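Inspection log for the structure reproduced underneath, given as C-alpha cells.
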C-alpha cells in the first residue's frame with residue numbers, strides 16, 4: 001500500500017472518465033484502496049427508504065475515484081501538476097508542485 005500524495009482539502013482536476021476536466025476539492029482520501037472522494041465528481045443516485053432519522057427519496061452522493069485519474073491543480077496557473085517533496089531549512093518536509101515549484 002503506497003502513501004497517497006493527495007490529501008483531504010486538496011484542489012484536484014479529473015483526468016479521465018465521464019467527469020474529465022472537472023475540478024473539485026478532495027472530501028475524503030482512502031489510502032487502503034488508493035481512491036479519493038472529490039466534491040461534485042462521480043455522483044451517483046441512491047434510492048433510500050424513509051427512516052425515523054431521515055426522509056426517503058433519491059439521494060445524490062459522490063463515489064470514490066481512483067487516485068491515478070486525478071491530478072493536483074498548480075496554485076500558480078491552475079493547470080494539472082505532479083507532486084514532489086522538498087525539505088525546508090528548518091527540517092520540515094513539504095509538498096511542492098512540479099510544474100512551478102510552488103508549495104501546495
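The values are calculated or read from the model by the stated rules, or taken from the named source; none is laboratory data. Not measured: the values here are computed from a predicted model. Note: ideal-geometry Cβ built from the backbone for every residue, glycine included; neighbour counts use all protein chains shown.
Looking only at the stretch 34-55, filter to residues that are in a loop (DSSP other than H, G, I, E, B) and exposed (fewer than 10 other Cβ atoms within 10 Å of the Cβ); which one of those is farthest from the chain's Cα centre (by Cα)?
Just the residues of the stretch 34-55 that are in a loop (DSSP other than H, G, I, E, B), to begin with: 34, 39-42, 49-55.
Add one more test, that the residue is exposed (fewer than 10 other Cβ atoms within 10 Å of the Cβ), and what stays is 49-53, 55.
Working: 49: 30, 50: 31, 51: 31, 52: 33, 53: 30, 55: 29 Å.
Here the residue is 52.
Consider residue 16 against the criteria (1) within 10 Å of residue 70 (Cβ to Cβ); (2) not in a loop (DSSP other than H, G, I, E, B): it satisfies all of them except one. Which criterion is unmet?
(2)
From 76, 20, grab the single residue that is within 20 Å of residue 104 (Cα to Cα) and free of Cβ contacts under 8 Å to residues at least 60 places away in the same chain.
Values: 20 fails: within 20 Å of residue 104 (Cα to Cα).
Exactly one of 76, 20 is within 20 Å of residue 104 (Cα to Cα) and free of Cβ contacts under 8 Å to residues at least 60 places away in the same chain, namely 76.
Within the stretch 19-33, count every residue that is within 19 Å of residue 75 (Cα to Cα) and in a loop (DSSP other than H, G, I, E, B).
Step one: filter the stretch 19-33 for residues within 19 Å of residue 75 (Cα to Cα), giving 21-27.
Subset that is in a loop (DSSP other than H, G, I, E, B): 21-22.
Of the residues in that region, 2 qualify.
Output the number of residues of the stretch 57-91 satisfying the condition of being over 20 Å from the mean Cα position of the chain (by Cα) and within 21 Å of residue 2 (Cα to Cα). Please lay out each step first, then the result.
To start, the set of residues in the stretch 57-91 that are over 20 Å from the mean Cα position of the chain (by Cα) comprises 57-59, 86-91.
Of the ones still in play, those that are also within 21 Å of residue 2 (Cα to Cα) are 86-87.
Of the residues in the stretch 57-91, 2 are over 20 Å from the mean Cα position of the chain (by Cα) and within 21 Å of residue 2 (Cα to Cα).
Okay, residues lined up against (1) farther than 17 Å from residue 14 by Cβ; (2) free of Cβ contacts under 8 Å to residues at least 12 places away in the same chain; (3) in the same structural domain as residue 37 (by TED's automatic domain parsing):
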{"site": "56", "(1), (2), (3)": "yes, yes, yes"}
{"site": "64", "(1), (2), (3)": "no, no, yes"}
{"site": "69", "(1), (2), (3)": "no, no, yes"}
{"site": "85", "(1), (2), (3)": "yes, yes, no"}
{"site": "92", "(1), (2), (3)": "yes, yes, no"}
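The conditions are (1) surrounded by 12 or more Cβ atoms within 10 Å (Cβ to Cβ); (2) part of a strand (DSSP E or B); (3) out of contact with any helix residue (DSSP H, G or I) (no Cβ under 9 Å at 6 or more places or on another chain), and residue 99 fails exactly one of them. Which is it?
Going through (1) surrounded by 12 or more Cβ atoms within 10 Å (Cβ to Cβ); (2) part of a strand (DSSP E or B); (3) out of contact with any helix residue (DSSP H, G or I) (no Cβ under 9 Å at 6 or more places or on another chain) one by one, residue 99 breaks only (2).
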